[in-house]
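Let me begin by presenting the structure, written as structure tokens, before commenting on it.
Nothing in this text is a laboratory measurement; each read-out follows from the coordinates by a stated rule. Fair warning: this is a prediction, and the values are worked out from it, not measured in the lab. Cβ atoms come from the backbone with ideal geometry, glycine included; neighbour counts cover every protein chain shown.
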Amino acid sequence: MPYYLQVLFNVPKGLKLPPGPPRRFLVGNLKDLPRHKEWETYDQWRKNFGDLVYLNIFGKSLLFLNSPKLVSEVFDTRGAIYSERFQSTMLSDLGGFNWSLALMQPNEIWRQHRSILQKHLSKISMVQHQVTLGKCSKTLLALLYREPLGFLKHTRHLIGAMVLESTYGLSIKTENDPYIEVGEKALELFADISTPGAYLVDIFPFMKYVPAWFPGAAFKQKASELNFYFTTMKNTPFAAVKAALKAGNASPSFVSNLLEIENFEKDSFSQNRETGEELIKSISGVIYLAGIDTVEATIQVFFIAMILYPDVQKAAQEELEKVVGLNSLPTFKDRPNLPYINALCKEVLRWHPITPAGFPHMLKQDDVIGKYFVPKGTLVMGNTWSLLHSEEVYGSDVHVFNPARFLKEGIKDPDIAFGYGRRSVELITGADEAIPMSYHSENACSHSSSGAINQLRSLKTGVLIFNVKAAQYLDVKDYDNHKHLFVH
Ligand code: HEM
């Protein structure tokens, strides 16, 4: 019997599955899954089917939530059953990535990892982090000055350096750095493996028992490569911090702070030194993995917006000149006095969220939403892109990059760009009232803003050429060819 028919048979009397694109025999909606500009398809489904859209792929249910009310009802009110994660055979069983809190089920260990991250990111490293940020931003300026067209490469380097320095206190080589290279390779494999439907073993887990030499088992080679890079990424920088601590020359960092906590073994999160160290390795490995790509992609959106919307760039520059003056670079202290720059940071997250449908949460048990039945194991996604482009919420110009919308009273912050309910990253970093933006938002926004700030400042200090050339890069030669990548 086709797998999706099994789901249909389980629907209780008087209820039905939510609406969605028609399913085909055996494969269900496999062919409907978009491979490119997926947010456009998700938005079209919203228009065609309404607030709930249901798909079924080989018996696996997928549900998209398209209204703010539903998102809050499901992920917040019913968060106890909507916070599980799908266990990917490729990533967890074969790739050995089960140490990552991002893939853990919401159990005691997951809570422990999140609470350590929250406690130690938001309290200990804030000042250190800002110093590192300031340093990295200056390096970025210098690199851009030397090689304006390399702005994508330089951004990647800056973020890698910032994350590795904050997390491990490691200084990174400007080029061909081995830590950055390992991280990049791991991220590349991770992105490939997490593409929905990319590996059949995730749909048919029994395939993991097929021997590696068997025709069609190339996925095993991929998984062992992933395993190698993830393990190296987790262990190598950690070992470097330990060695530096022993030699007495470790720079302060997230990891060195944790390792130096007195009586670490007796701390509530660790039974003994070995488990404690494993814990620190896993948590810092997650920062390394989750912190680089996300922040980098956000900054790239910022660059694109600045190139496409010179008037916004001009307005931001004027604010900086007025508030900070011409003789110094802005610092975090200036931030409360920079409303337009702060609004610009929010608009970067809203205009092009880097995860247009968030990251799937898995439903723990059968549930009912209105008149619809939602089966246990359904992968549930907030339609982030559509929600952040709602004309009702953000006005009729939602496709335009317009920071000024956030200067109006009562406009909803784009916090769903950081995820939903109990899994949201904003929660990890504790929306501590003393710190207006959490560490996470600092990463997202102050990177954008320090990027913005530095870029805009650089106009006054002679790096105007960067903006002109960067615009040429996208604009003069083949702007139209690239436009589809980021303009909707
Ligand atoms: C602009 C920057 C970032 C954006 C837009 C972003 C976005 C997201 C999103 C959408 C999720 C999925 C949440 C969910 O399941 O609902 C997520 C998960 C996660 N992010 Fe980020 N992120 C960013 C930066 C970072 C940084 C710098 C860190 C490092 C501390 C980080 C650590 C994590 C972790 C650990 C998770 C998994 C949380 C869990 O499953 O409980 N993220 N992020």
>> Under a crude label model (7 Å from the Cα following the beta-carbon direction), how far is E73 from E175 in nanometres?
In response: 5.7
> Taking the simple approach of a point 7 Å from Cα along Cα-to-Cβ for both A80 and K16, what is their distance in nm?
Replying inline: 3.1
> Between E188 and K314, what is the spin-label point distance in nm, taking each point 7 Å from the Cα along the Cα→C-beta axis?
Replying inline: 4.1
>> Show me the ranking of peptides 94-104, 67-77 by mean Cβ neighbours inside 10 Å, starting with the highest.
In response: 94-104, 67-77
> So, with +1 on the Cβ of K and R and -1 on the Cβ of D and E, and no other charges, what is the size of the charge dipole of segment 56-104 about its Cα centre, to the nearest 20 debye?
Replying inline: 100
> Going by how many other beta carbons lie within 10 Å of each one, how would you line up E108, E38, fewest first?
Replying inline: E108, E38
> Taking H as built 1.01 Å from N, whose amide H comes closer than 5 Å to the amide H of V374, not counting residues under 5 places away?
Replying inline: D367, V368, I369
>> At a 10 angstrom cut-off on C-beta neighbours, averaged per residue, how do the peptides 54-65, 310-321 rank from highest to lowest?
In response: 54-65, 310-321
>> If neighbour count is taken as other Cβ atoms inside 10 Å, put I416, I369, I109 in order from fewest to most.
In response: I109, I369, I416
> Stretch K31-Q87 to full length: gain in nm at 0.36 nm per residue minus the Cα-Cα span?
Replying inline: 17.9 nm
>> At 0.36 nm per residue, and after removing the present C-alpha to C-alpha distance, how many nm does the segment from N327 to S251 gain when stretched out fully?
In response: 24.3 nm
